[in-house]
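Chemist: Quick one: the structure is below, and I'll ask about it shortly.
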Amino acid sequence: MKRLLVIVLAAFGLAVQIHADQLEKGFVHPPDSARPWVYLFPLDGNITSNGITADLEAMKRVGIGGLVYFEVDQGAPKGPARFGGTLWREMFKHLCNEANRLGLQVNMNNDAGWCGSGGPWITPELSMQKVVWSETGGARPGAL
């Protein structure tokens, strides 16, 4: 009986060591599914194929697994690749091809800005709204 117990404990210890080794290996060299993602924020059409390739190669080099593409307008001078235009679509296709070549994933926010879908097809009446409020000299809370 003691011999059986020693064999069972030895087998258990070996299994724990194998699991620990696999855990350490997975931590040092994580699978692609565990790699972090980053945001890619091209500023208002300022994007080039050379810049895309350089950015994605750098991401791959440091272990990034994918990116979320967010076209933004933060007051930068307008670039030639206007959101949704022919050049922009060429640049986005290049980005997807390069990401595929490098084994990176791409997700895209569906807008030309920070807060939901937008573009020249959105009229001022349908654009983002700002909610404001104020207090007047009416009844005070708790006063009846």
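The values are calculated or read from the model by the stated rules, or taken from the named source; none is laboratory data. Predicted, not measured: the structure shown is a model, and the values here were computed from it. In this analysis, Cβ positions are derived from the backbone assuming ideal geometry, glycine residues included, and neighbour counts consider all displayed protein chains. What goes into the accessible areas is simple: the full protein's heavy atoms, side chains included, and nothing from ligands, DNA or RNA. Shrake-Rupley method; radii C 1.70, N 1.55, O 1.52, S 1.80 Å.
Chemist: Looking only at residues that are more than 16 Å from the chain's Cα centre (by Cα), open to solvent by less than 80 Å² (accessible area, probe 1.4 Å) and of a type in the set (S, T, N, Q) in region 109-144, which one is modelled with the lowest pLDDT?
Modeler: Here the answer is Ser117.
Chemist: List the number of the failed condition for Val106; all other conditions in (1) open to solvent by 40 Å² or more (accessible area, probe 1.4 Å); (2) at pLDDT 95 or above; (3) assigned to a helix (DSSP H, G or I) hold.
Modeler: With respect to (1) open to solvent by 40 Å² or more (accessible area, probe 1.4 Å); (2) at pLDDT 95 or above; (3) assigned to a helix (DSSP H, G or I), Val106 is out only on (3).
Chemist: Kindly evaluate Pro36 against the criterion of being of a type outside the set (Gly, Ala, Ser), open to solvent by 70 Å² or more (accessible area, probe 1.4 Å), closer than 21 Å to Val106 by Cβ and without any contact (Cβ under 8 Å) to a residue 40 or more places away in the chain.
Modeler: Considered against the rule, which asks whether it is of a type outside the set (Gly, Ala, Ser), open to solvent by 70 Å² or more (accessible area, probe 1.4 Å), closer than 21 Å to Val106 by Cβ and without any contact (Cβ under 8 Å) to a residue 40 or more places away in the chain, Pro36 comes out as yes.
Chemist: Then there's this: For the subset of region 39-67 comprising residues that are assigned to a strand (DSSP E or B) and under 16 Å from Cys96 (Cβ atoms), which member is most open to solvent (accessible area, probe 1.4 Å)?
Modeler: Leu40
Chemist: Among what's in region 69-93 and is assigned to a helix (DSSP H, G or I) and open to solvent by 50 Å² or more (accessible area, probe 1.4 Å), pick the residue that is nearest to Asp32 (Cα to Cα).
Modeler: Selected residue: Lys93.
Chemist: Separate question: Here are the criteria: (1) in contact (Cβ under 8 Å) with a residue 12 or more places away in the chain; (2) more than 16 Å from the chain's Cα centre (by Cα); (3) within 29 Å of Pro31 (Cα to Cα). Tell me which single one Val68 does not satisfy.
Modeler: (2)
Chemist: Look at Asp21 and say whether it is touching a residue at least 40 places away in the same chain (Cβ under 8 Å), over 29 Å from Trp121 (Cβ atoms) and either of a type in the set (S, T, N, Q) or open to solvent by 70 Å² or more (accessible area, probe 1.4 Å) (or both).
Modeler: For Asp21, the condition - touching a residue at least 40 places away in the same chain (Cβ under 8 Å), over 29 Å from Trp121 (Cβ atoms) and either of a type in the set (S, T, N, Q) or open to solvent by 70 Å² or more (accessible area, probe 1.4 Å) (or both) - is not met.
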